[in-house]
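This report refers to the structure that appears directly beneath it.
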Amino acid sequence: MSNKEVKAALKNARDAIRNKEYKEALKHCKAVLKQEKNNYNAWVFIGLAAAELEQPDQAKGAYKKAIELEPNQLLAWQGLANLYEKSNQIDVKGDLADVYQKLLELYESGDKQKWCDVCNKLVELYHQEKKYLEVAETWQKLIRMKQEEGAEKAELHQLWKKMIQLLKDSTRNQDNKTGPLLLTAFEHVLDSADTVPGEDHQNLYKDFIQYLLKFPHEAARLEKACHDMMALYPTVTYPLEVLCLHFIHSGILSEKTLQCFSRLLEMDESSGPGIIGFGIKCLKEKKYKEAVKSLTEGLQKTNQCPAAWYYLAEAQMKIHEHRNAVLSCNQVLEALGTPECPNLQWKKLALQLKAETLIKIANADAAEEASKALQQIVDASSDPVVSALKGQAYLNKGLVDQASKISQELLLSHPDLAEAHALEGFIHYSQKNYEQAEKSFLNAIERKAETAEYHQYLGLTYWFMSDETRKDKGKALTQFLKAAKLDSYLGSAFCYLGNYYRDIAGDKSRARGCYKKAFELDETDEESGTAAVNLSVELGDMDTALSILNEVTEKARPGTAKWAWLHRGLYYLRTGQPSQAVADLQAALRADPKDSNCWESLGEAYLNRGSYSTALKSFRKASELNPGLIYSIYRAAALEQILGKYENAIATYQEILKKTEDYVPALKGRLGECYLMLARSALDNYLDRK
């Protein structure tokens, strides 16, 4: 076949393809290949015809052969791209991307429009495959091409905007390269916007800041974006709220941070981050109750803020609301466990504070929970303070040997650590080795003099060591005063100051003030509450006594605060108010149904009210619970006599006299009087012989 015949055969093949006679086209091409096996156009036409005849493997082979012959010719690459685009096979997408890359290379110096079309197709392919870095890099090439062609600002703006849309899901699987490209796209969109300021521009800024929050290492960029948005939109609180939350979460509490908190509250006094910021400011100024109030209020509005929960726990710890502090620590850990808060910088702090708080609760269950919290701290074994906490947890569980082992190891490895000496002191104190405990606590105070707990325990050591150290003003009293000064919320320090002034100094008024303070700090402290009430009564100040009792009983849940109900019931009994006494004594018995003295007092209240049958039941209940209560047995007999049950009354009087022969009330006419009443009753009923 001559060269002329080859050209004619190729023309026939092209015409056959145009007329959709694909088999005919294949015949012409094969005839050409017999003569010229490396004819580029023949292989391209075979690829085209085979593709239309749904013979993809033959088509692919033909195109690849053509490419092998002429790698920089367009036709075969275009045909292969069309073949892959029509294919339903997933495994060809990688090959298609390579084909598009080659087409971009071939179009680059020629047809710019086709280059852009292929570029769009390649980006779409990468996006389907979630290859976000390739999406970003390819789209940037498209933008550069448009810039070189002198595209309008509006067109470039839309292209950068499209890039944001393409990459918006890329933050779910962050890599080190895609993130910065996305943020760069945002910056270009913001810079190229027409209407500034404007609603669309403002929303774009919000989106930009939202994405910046997903990149913890972009803190400087976040701060700049917030400040820039604040400058453009001074009445919008959003960037300032984000900035405040950023400062809270990063632990940055500089003067600049505090100014942000104040400015935000000036703009919106109900702003959650602003209120949280004010609470943190109060915490740093040692205004702990105000801190708890503000942080609690702020967290009701801005719940997902682990740092704020931590600061709340810290403030609650300072005012000895230990159980609330544990709940707040749990909120920190729960928030850190969500995808929105992957930052773990607060985890160790929260676990350590939770353990400290549980140790203060001082029971075995809390100590076990504290141990579990400490086990979750990464590298806990290398932190001596955490080791000291482990020792305290062991001690609270009664595992003295394990606690002692940790104490000895810490004293050897960290002899200047206050917590190591304090742990040794706690162990000695628990064993009543007061002289050794004194040395340990003095060593701890020497190293950390501002810790109220160390002074409190040294004071307790002196209190129980001997009468001399208890009475010595320079010992127990001095340490309790120091503890109370360093921690004005430490109720136990005020309680022991009350004990000192009452039992040692004999100063009832000052003692009453200390007990009252201790009870105000801890309303579960029955010892201080009872002492404050009793001393108020002794000092003739019933108003103070009643105000304390009223406050407790108003807040008390059913079945609690027995001591307050009992004291107020007895007061009403003494002052001739039997109905009120009955109500309060019943409430006391709900808290402790087996208190025989309380049943006896209730019987007295019913008796004074004239409820004889109920009074009789109460006195009988008291004597059942405590058969030694002769007064209750006597009162029961007297009531049986009043109710006309003379035989029962006589038997009860005789029972009393068997137990106590000289019990005056029973001897003084009651038994004889009862016999006389029985005789009179018989006479009235005509039973003369009786």
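Worth a mention:
- Counted as qualifying within segment 1-65 are the helices (runs of 4 or more DSSP H) with 1 or more residues that are of a type in the set (S, T, N, Q) and at pLDDT 90 or above, namely 3-18, 40-52.
- Looking only at residues of segment 370-394 that are free of Cβ contacts under 8 Å to residues at least 12 places away in the same chain and in a helix (DSSP H, G or I), we find that the one that is farthest from His414 (Cα to Cα) is Lys372.
- Subset tally (residues that are of a type in the set (D, E, K, R) and within 18 Å of the chain's Cα centre (by Cα)) for segment 275-323: 7
- Answer residue from segment 263-276, given it is in contact with a Gly (Cβ under 8 Å, 6 or more places away or on another chain) and buried (at least 21 other Cβ atoms within 10 Å of the Cβ) and is nearest to Val236 (Cα to Cα) among those: Leu264
- Within segment 108-133, residues that are surrounded by fewer than 19 Cβ atoms within 10 Å (Cβ to Cβ) reach partners that are not in a helix (DSSP H, G or I) with beta carbons closer than 7 Å, at six or more positions or on different chains, in the pairs Lys112/Glu149; Leu133/Asp175; Leu133/Lys177.
- Candidates Leu182, Leu166, filtered to the one that is among the hydrophobic types (A, V, I, L, M, F, W, C), closer than 21 Å to His217 by Cβ, within 38 Å of the chain's Cα centre (by Cα) and open to solvent by less than 80 Å² (accessible area, probe 1.4 Å): Leu182
- Residue that is surrounded by the fewest Cβ atoms within 10 Å (Cβ to Cβ) [pool: residues in segment 591-621 that are over 50 Å from the mean Cα position of the chain (by Cα) and outside any helix (DSSP H, G or I)]: Gly610
- Checked against (1) open to solvent by 40 Å² or more (accessible area, probe 1.4 Å); (2) under 19 Å from His127 (Cβ atoms), Thr195 passes all but condition (2).
- Pick from segment 398-432, criterion under 30 Å from the mean Cα position of the chain (by Cα) and small (Gly, Ala, Ser), ranking: surrounded by the fewest Cβ atoms within 10 Å (Cβ to Cβ): Gly398
- Single residue of Ala531, Ala518 found to be over 21 Å from Lys289 (Cβ atoms) and touching a Phe, Trp or Tyr at 6+ places or on another chain (Cβ under 6 Å): Ala531
- Residue that is modelled with pLDDT of 85 or more, touching a helix residue (DSSP H, G or I) at 6+ places or on another chain (Cβ under 9 Å) and of a type in the set (Lys, Arg), where the choices are Lys617, Lys645: Lys617
- When segment 23-49 is filtered for residues that are among the small types (Gly, Ala, Ser) and under 21 Å from Pro71 (Cα atoms), the ones remaining, listed by number, are Ala42, Gly47, Ala49.
- Yes/no for Gln202 being open to solvent by 70 Å² or more (accessible area, probe 1.4 Å), closer than 29 Å to Tyr233 by Cα and at pLDDT 85 or above: no
- Residue list for segment 249-274, restricted to those being at pLDDT below 90 and within 19 Å of the chain's Cα centre (by Cα): His249, Ser250, Gly251
- Residue match in segment 491-502 (condition: at pLDDT 90 or above, open to solvent by 30 Å² or more (accessible area, probe 1.4 Å), within 30 Å of Arg574 (Cα to Cα) and touching a Leu at 6+ places or on another chain (Cβ under 9 Å)): yes
- Residue satisfying condition, being part of a helix (DSSP H, G or I), touching a His at 6+ places or on another chain (Cβ under 6 Å), open to solvent by 60 Å² or more (accessible area, probe 1.4 Å) and free of Cβ contacts under 8 Å to residues at least 40 places away in the same chain, within set Lys516, Lys482: Lys482
- The lone exception for Leu240 - which of (1) more than 30 Å from Ala350 (Cα to Cα); (2) in contact (Cβ under 8 Å) with a residue 24 or more places away in the chain it fails: (1)
- When residues of segment 631-658 are limited to those that are open to solvent by 30 Å² or more (accessible area, probe 1.4 Å), touching a residue at least 24 places away in the same chain (Cβ under 8 Å) and part of a helix (DSSP H, G or I), the one farthest from Val582 (Cα to Cα): Glu647
- Odd one out for Leu546 among (1) assigned to a helix (DSSP H, G or I); (2) open to solvent by 50 Å² or more (accessible area, probe 1.4 Å): (2)
- Residues (open to solvent by less than 90 Å² (accessible area, probe 1.4 Å) and more than 48 Å from the chain's Cα centre (by Cα)) located in segment 134-146: Met145, Lys146
- Out of Asp525, Asp541, Asp487, Asp507, sole residue that is open to solvent by 40 Å² or more (accessible area, probe 1.4 Å) and closer than 27 Å to Phe441 by Cβ: Asp507
- Asn38 in contact (Cβ under 8 Å) with a residue 12 or more places away in the chain, surrounded by fewer than 17 Cβ atoms within 10 Å (Cβ to Cβ) and touching a Leu at 6+ places or on another chain (Cβ under 7 Å): yes
- Any hit, segment 86-107, residues being at pLDDT below 90 and more than 60 Å from the chain's Cα centre (by Cα): no
- Count of segment 568-590 residues which are assigned to a helix (DSSP H, G or I) and either open to solvent by less than 30 Å² (accessible area, probe 1.4 Å) or over 14 Å from Leu549 (Cβ atoms) (or both): 12
- Any hit, segment 264-279, residues being more than 28 Å from Phe208 (Cα to Cα) and free of Cβ contacts under 8 Å to residues at least 40 places away in the same chain: yes
- The single residue among Ala185, Ala136 that is farther than 28 Å from Leu232 by Cα and either in contact with a strand residue (DSSP E or B) (Cβ under 6 Å, 6 or more places away or on another chain) or touching a residue at least 24 places away in the same chain (Cβ under 8 Å) (or both) turns out to be Ala136.
- Segment 283-320 - residue that is free of Cβ contacts under 8 Å to residues at least 60 places away in the same chain and part of a loop (DSSP other than H, G, I, E, B) and, of those, surrounded by the most Cβ atoms within 10 Å (Cβ to Cβ): Thr302
- For segment 53-63, the condition holds for at least one residue, the condition being that it is buried (at least 16 other Cβ atoms within 10 Å of the Cβ) and either among the basic types (Lys, Arg) or touching a residue at least 60 places away in the same chain (Cβ under 8 Å) (or both).
- Selection from segment 433-459 of residues that are part of a helix (DSSP H, G or I) and surrounded by fewer than 21 Cβ atoms within 10 Å (Cβ to Cβ): Tyr434, Glu435, Gln436, Glu438, Lys439, Leu442, Asn443, Glu446, Arg447, Ala452, Glu453
The values are calculated or read from the model by the stated rules, or taken from the named source; none is laboratory data. Keep in mind the model is a prediction, meaning the values are calculated, not measured. Note: ideal-geometry Cβ built from the backbone for every residue, glycine included; neighbour counts use all protein chains shown. Side chains are part of the model used for accessible areas, which takes the heavy atoms of the whole protein and leaves out ligands, DNA and RNA. Shrake-Rupley method; radii C 1.70, N 1.55, O 1.52, S 1.80 Å.
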